[in-house]
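The structure appears right after this line, and notes come after that.
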Amino acid sequence: QHIQEDLNTQLFDNLVSFLRRSHSECQEKTTEWTCRMKSREIPAAALILGVNVMDHDLTLKSLSEVLQDNITPYIALLEAKDCPGIKNLMQKLMGQLMNCHIDVDSLEDEDYVQVSQNRIRCSMTSLVNWYKSVTKKTDSETPSKKRASSPRHGQSPPVVVIFKDMESFTTKVLQDFIVISSQHIHELPLVLIFGIATSPMVIHSLLPHSVSSLLCIELFQSLSCKEHLSTIIDKVLLTAQFPFKLGEKVLQVLINIFLYHDFSVQNFIKGFQLCIVEHFYSQPLSVLCCQLVEAKKRANSLSHDQCENIRRLPSFRRYVESQVSEKQVALLTADSVVKEVTQQLLEDLHVYHENYVSVLRCLHVFTSSLPKYPLGKQIRELHCACLENQVWETEEYDSSLQLARMLNKSDLVTMLQQCVEILVSSSGKEFDKTVEKLKEFLTQFQKLEAEAFQEQDVSISSQKELRKKTDLYHLQKTLLELKESRRSKKLTKFEMLRFEVVDYIDSLVRSYLVPADHKTLHEILYFNTASVLRAHLNAAPRTALHTALNNPYCYLKNQALKPDGGSISNKAPDICIVYKLHLECGRLINLVDWLEAFSTVVMAVEGPHADAASSDQVDDIIHARFIRAVSELELLGFIKPSKQKTDHVARLTWGGC
């Protein structure tokens, strides 16, 4: 939430400035505002929010809160689904401004809203009269009361109307509202804010020139959803502050859903929250997923069962196998040894995270400055590549190093300076020597710059001597020597230093960017079960329906419903019995045969105990249950009525799930 507030600060400040500007012009009655009144122009802000429609609601709610704190208490947020006509729009607008509840369905045939004991007609004239009475009441208050009630609102605060989804509004509703509002703009300081998902050109496509000319439009652009996501990943996931981490596959699932489905940052955060809940619910050792000091305390008080859970972890097994035989026996038998080793391994994991983040940022400084971005431009792409496998073994990394070995001096110096800043501000304690080494490289580059001027003077003097040699023999001899020296040319000092810098960065990468799954006890801090996340986020409704209807025990957990050799249990819900029977039929299903089969299954136990006198009543009940189950199957889309035969239904689904 803090990150999102920071990201939207610039946008909200610009909108507040725009509203203050338009509002002050209205109050001061300047010549420009008088001209605007005469031309009936309404101040309007076109707010480009992007295609991530799921995030618009939160952004606009935050905007309305900022405006209420700084500009005006009179704000209305309108949605297209609530405003099919101009009457509904006016009802919603007046209802929100007057702080009263409007039930659009109950007011379908009326043009009034109920305020206290009075019914007010929903019209622009009524709105103007209400605004005058409210502002007049505010002006008549004592100065002390006025300051206490609205410290940042002026004497005549504007009325702000926010259209959440402008593209969804009908053209006629927008046209009528803008035309009517323009006729009252000299009485009502109205300001419109259009929430736009696509392009500002939608204003001109929805509104003809005669209507759009009534608006004084200013364009505002929100932050790109990709930049928003990158910032959240950078400041939440790529930090040692939070011990919980996402594995490579899980992070890739969340990013793919973001990039290929909805571009919604809110849905990404919900997916992240789901990972946290799933990890702490399914991992018994997640009690150790906390800050280092607390983790050490909890590791010291582990129970015997928890020690056994640690011994079962695959990474801990590999660690045990790498030890000498005496240590292996102690780790597998003594809980005290496991507790002591767990504390040390958890500390190593936290140190690994601190170092990993710092070196990853340094590597990103280099890779993001390359012309082709072999490892990706965003740090999240680089992070996924490092989590997936040893990044230095990939072709993309090799090509990045080759490109880095061709960088010019100014780019290299800038990158080294950025790396020094990153490592100095890092919480890692192992980078003192690294910082000294990078500063040494910077000093060497400065020396090379001084030597370059001297070499330039020498080359100029040698060219002058060459011009002095007018003898053809000596001239040819000198040119041949120059040509031969170019062929067997050695690396310059700058090239050698550049190679040394790139090799040193490569050594840092190999030391600190080891994949997390190579670390012992990574299962405690990392959530890696991508299949569980996909099952929650990538819904497969047909598979879920088939499982529920074919095996109700999977969801109901009733022992009586446990599958028994493929037979159909009469204790299953009616729709499950009907569904299993329909799987045995062909394209057309005879309803009479279907009913008889259903009765046979249901009466398997009830039949012998049924009274002969009430058999007709039982048949009616079974018939009603069957009709209801068949109707439910039709509602779910498994069958439909057949036009070929009136007593048949057509089956719609085929194949296994």
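The values are calculated or read from the model by the stated rules, or taken from the named source; none is laboratory data. Just so we're clear, the structure is a prediction, and the values are computed from it rather than from any experiment. Note that we place each Cβ from the backbone using ideal geometry, even for glycine, and neighbour counts take in every protein chain shown. Note: areas computed on protein heavy atoms with side chains; ligands, DNA, RNA excluded. Shrake-Rupley method; radii C 1.70, N 1.55, O 1.52, S 1.80 Å.
Observations on the model:
- Two-decimal log10 I(q)/I(0) for segment 145-287, as the Debye equation yields it once each C-alpha is a single scatterer, q = 0.12, 0.13 Å⁻¹: -0.76, -0.81
- Within segment 541-651: Cβ-based charge dipole about Cα centre, in debye rounded to nearest 20 (Lys, Arg +1; Asp, Glu -1): 700 debye
- Calculated from backbone phi, Karplus (6.51, -1.76, 1.60) coupling profile of segment 372-382 in Hz, x at Gly/Pro: 9, 6, x, 9, x, 7, 7, 5, 5, 5, 5
- Taking one quarter of the surface of the convex hull spanned by the alpha-carbon atoms of segment 388-440 gives a direction-averaged projected area of 4.9 nm².
- Between segment 360-398 and segment 43-105, the alpha-carbon center distance in angstrom: 43 Å
- In this structure, the pairs whose alpha-carbon distance is over 20 Å, taken from K409/K437; K87/K164; K132/K164; K297/K339; K61/K92, are K132/K164.
- Measuring only protein heavy atoms, the 1.4 Å probe finds H536 accessible over about 100 Å².
- Long-range tail of P(r) for segment 290-405 (Cα pairs > 18 Å, %): 62 percent
- Taking all protein chains together and rolling a 1.4 Å probe, R405 ends up with roughly 60 Å² accessible.
- Residue-normalised accessible area of segment 541-651, expressed per residue, 1.4 Å probe, Å²: 61 Å²
- Estimated D of segment 541-651 in µm² per second, where Rh is the Kirkwood radius over Cα pairs and Stokes-Einstein applies at 25 °C, 0.890 mPa s: 165 µm²/s
- Cross-link table K562/K643; K245/K562; K429/K493; K580/K645; K296/K433; K226/K270, entries beyond 27 Å C-alpha to C-alpha: K562/K643; K245/K562; K429/K493; K296/K433
- Entry comment: accessible area of segment 268-413 is 49 Å² per residue, from protein heavy atoms only and a probe of 1.4 Å.
- Solvent accessible area, Å² - M54, 1.4 Å probe, full protein context: 110 Å²
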